[in-house]
Structures are given as structure tokens and as C-alpha cells.
Amino acid sequence: LNMNQIDGFENEELLAKPQDELREKVDKMKNRLDGMGPINPMAMEAYEEIKERHDFIAGQKEDLLKDKESLLTTISEIDEVAKETFQEAFEKIRENFIKVFRTLFTEEDDCELKLTDPDNPLESSIEIMAKPKGKRPLTINQLSGGEKTLTATSLLFAIYLIKPAPFCIFDEVDAPLDDANIDKFNEIIRKFSKESQFIIVTHNKRTMASTDVIYGITMIEQGVSRVVPVDLRELA
């Protein structure tokens, strides 16, 4: 401070205080300054560096929050489209399931597909109900082996009608069926074979007789298998 600044000091309250009190206050301030330690000449550079880092992280955080909001919006839109698509496909499969089921059973038999949680279709389980004539509504797990096979086949073809596949493989699905149901099974295979190729692994003679080509596996010598094809279309 220069003398002009001292002469121009106008704080009457401070000037009115005793000199000893002012010295005591000055000593306390000096002690506080001494307690703070030496001045760090690099403080400003450190501050600028930390501030730059802080601004960068704050910007990254803001970008992440925006991306999160955008992602949640996109997920919500996808869920809505998925729900709508699923509901449409489910209703079509349900209608087809009833038609095919009655083809394999009788027109008086009934069946149903139900969502256990209709309000949350994408996470809901699907309950398969089957009601052959004279029975109360049952889930597929409570049916006989033959009824399970026909019900499962009905559902498979109900899905197939929505999106046909180029080929389909059945592995001894006709094993639990009696002769009457074997004929129904073969009839529906014959009907759908106009659009797709069916490969059936079977030991049932009625099923073999209804096919176009039979491939038999024989072992003419120990450890050596051979495929023997028979084209039944040439014999018709």
C-alpha cells in the first residue's frame, strides 16, 4: 500500500478501534496466512487443467443422458411394434390352430390358445388348451400320447400356414397314433406337401405306404450301413 491509500482510508469504525486490538487482529490474520502455507504458483494451471477435465466429463455425461433418453424412446417404439406384430401373428395362428385341430380331430372338438398375461404379451407364456369331444377343457400336458401328437401337429401347421418352410422333418411323431389317427396325420401331410417337402422318420407301415419315396437303412455287413431308396411313384 502507498501512503495515499492509507490517508484516504475512510472506515471510521475500524479507525476508532484501539491500536492493540487492531494489532491482535492483524496477528491472527498473519497466523492464518502462515497456516495456509506457501503460495502454489502452479495453482491456476492446475485449476485450468481440472476445469477442462471437469467440463469434458460434464459434456460426456450430458451426451450419455441424451443417448439414454433416445435409447429408451427407441426401445419403447420397438416394443409397441413388436406387440402389434405379435398380436396379429398370434391371432392368425390361433385361428389356424382351431381349423387344423378340427381337421385332425372332428368338427365338434375344440381347442384354444391363451396368453397367461394378455397385458404383457411379449413376456407372457402361451397356454395350449385342447377339448376333444366329451372331455372338459384340458391343457396339452393332460392329454393322451396320441392326442398330444395331434394337438402339437395342429399347432405346428397353424404356424406353418403363417410362414411356410421349404422342408420339415418329423421324427417318429406318428408312433403314439392308432390307425385312424395315422390316416388323418398322413392326409394332412399329403395336403401340405404341395407347398413343402416333408421328411418323416417312421416305422409305421401306413405312413410308409402314403409317401412318395422311402429311404431304408440296412446293414449288409457288420459296421457298414447302406441306404436303399424306393420310389413309390414309379409303382403307382
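Go ahead and run the numbers for FRET between Glu127 and Asp178, Cβ-Cβ distance against an R0 of 22 Å, rounding to 0.05. Efficiency for this residue pair is about 0.25. For volume of the Cα convex hull per residue in Å³, the candidate list reads (1) 148; (2) 401; (3) 139; the entry that matches the value derived from this model is (2). The apolar share of the surface of the chain, taken as the fraction of accessible area on carbon and sulfur atoms (1.4 Å probe, ligands and nucleic acids excluded), comes to 55 percent. Note on surface exposure: Arg23, Arg102, Arg206 rank Arg23, Arg206, Arg102 by accessible area, highest first, 1.4 Å probe. Largest to smallest in accessible area, the residues Cys168, Cys111 fall in the order Cys168, Cys111 (1.4 Å probe, all protein chains included). Take 195-202, 12-19, 82-89, 93-100 and order them by the average number of nearby Cβ atoms within 10 Å per residue, most first; the result is 93-100, 195-202, 82-89, 12-19. Measuring only protein heavy atoms, the 1.4 Å probe finds Met29 accessible over about 100 Å². Computed over the Cα atoms of segment 134-236, pair by distinct pair, the Kirkwood hydrodynamic radius stands at 15.5 angstrom. Note on Glu112 and Met29: their simple-model spin labels are 9.0 nm apart, each label 7 Å out from Cα toward Cβ. What residue among Leu177, Leu155, Leu72 has the largest mean-square fluctuation in a Gaussian network model of the chain, using Cα springs under 10 Å? Residue with maximal mean-square fluctuation among Leu177, Leu155, Leu72: Leu72. Spatial offset of segment 161-229 relative to segment 6-78 amounts to 83 Å, using the alpha carbon center of each. Descending by average beta-carbon neighbour count within 10 Å, the peptides 57-70, 113-126 line up as 113-126, 57-70, the highest first.
For the chain, the solvent-accessible area works out to 77 Å² per residue, with a probe of 1.4 Å and every protein chain left in place.
The values are calculated or read from the model by the stated rules, or taken from the named source; none is laboratory data. Fair warning: this is a prediction, and the values are worked out from it, not measured in the lab. Glycine also receives a Cβ, built like all others from the backbone with ideal geometry; neighbour counts cover every protein chain displayed. Keep in mind that these areas ignore ligands, DNA and RNA; they rest on the heavy atoms of the full protein, side chains included. Shrake-Rupley method; radii C 1.70, N 1.55, O 1.52, S 1.80 Å.
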